[in-house]
Structure formats: structure tokens, C-alpha cells
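Novice: The structure is given below, and queries will be raised subsequently.
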Amino acid sequence: MMRQIVIAVAFALFAGSMPAALALAPQPGAPVAVIAFPWAARGAAVQIVTAADGLLLDTHRHGKVAIATSGAADFVARLYRSGAAVVLDGSALSGCLPTAEPQRLFLKGTGI
């Protein structure tokens, strides 16, 4: 009985994640989102894009997420070889990222 439950849960997780995996798969020639490992240094995604000979379009999360593109057919493979943790479709992920890093404004003499 326990084995059947485990198999059913595994199948449900697999079947449920497939649409997301297909929707977020990088498309050839389209921008990709390069995500560095959480313990990587600031700017790690930028370094990964540079090492893979990609064109950097945007960065987020202190350089741990980068939006990049390249005309090379093996660009995604080169990103993984350069140390990327995850490579996703950039257009699908860009809607989830902030448009700019928040800036703190201090008004002189107000303490705000």
C-alpha cells in the first residue's frame, strides 16, 4: 500500500511539473535567464555569461540573475559549463523580475 502511494505521489509531482518545465525551457536564439548558485559571489551570473561569450542584457539580485543572449546554437550548454545553476527562458522569467533595483532616497535635512 505504501509503495503505491509513493508511486502515485511521484507521478503527480512529475506530471505537474512538466508544463512548467516546458514553458520555462530556453528557446534557441531568444534571451535566457541565467541563475547562479545561491552561495555564489555577487556578479556570478555576469561572469558566467561573459565566460560563455554571451551578450548581457540585464542583471538582477546583485548579479546573481542575468538576462543574456547569444547567436550560438550551444549557448545554453556553454552557460552550464561555465557554472550556471539554472538557465530558463528569459522572456518568461523577465516578468517576475523587478524593472530596477530599489533606490533609497534621502532628503537633505529631513531625516527621511
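Each reported figure results from applying straightforward, stated rules to the coordinates on display, with no laboratory input. Just so you know, these numbers come straight off a predicted model, no measurement behind them. FYI the Cβ positions are ideal-geometry reconstructions off the backbone, even for glycines, and counts take in every protein chain you see.
Novice: Would you kindly state how much longer the chain becomes between residue 13 and residue 47 on full extension, computed as 0.36 nm times their sequence separation minus their alpha carbon distance, in nm to one decimal?
Specialist: In short, 8.9 nm is gained.
Novice: For residue 89, which sequence-distant residues (separation of 5 or more, or a different chain) have an amide H within less than 5 Å of its own amide H, given hydrogens modelled in the peptide plane?
Specialist: Amide H to amide H, under 5 Å and 5 or more residues apart or across chains, residue 89 pairs with 25, 33.
Novice: Here's something else I'd like to know. For the range 46-58, what does the Karplus curve 6.51 cos²θ - 1.76 cosθ + 1.60, with θ = phi - 60°, yield as ³J(HN,Hα) per residue in whole Hz, taken in order and with x for Gly and Pro?
Specialist: The phi angles translate into 5, 5, 5, 4, 4, 5, 8, 6, x, 9, 6, 9, 6 Hz.
Novice: May I pose another question? Long-range amide H contacts for residue 59: which residues qualify at under 5 Å (H placed 1.01 Å from N, peptide plane, sequence gap of 5 or more or a different chain)?
Specialist: 67
Novice: Here is a follow-up. Which net charge results when you count Lys and Arg as +1 and Asp and Glu as -1 among the other residues whose beta-carbon is under 12 Å from that of residue 52?
Specialist: 0
Novice: Separate question: May I ask you to evaluate 6.51 cos²θ - 1.76 cosθ + 1.60, the Karplus curve with θ = phi - 60°, for each residue of the range 74-87 and list the ³J(HN,Hα) values in order in whole Hz, giving x for glycine and proline?
Specialist: 9, 4, 4, 5, 5, 5, 5, 5, 7, x, 5, 7, 9, 10
Novice: Obtain the radius of gyration and the Kirkwood radius of the range 24-94 from its C-alpha atoms and give Rg over Rh. Could the numbers behind the result be given before it?
Specialist: Numbers: Rg = 10.3 Å, Rh = 11.3 Å.
In the range 24-94, Rg relative to Rh is 0.91.
Novice: Next question, about the same structure. Taking K and R as +1 and D and E as -1, what net charge do the other residues with C-beta under 11 Å from the C-beta of residue 67 add up to?
Specialist: Local charge sum for residue 67: -2.
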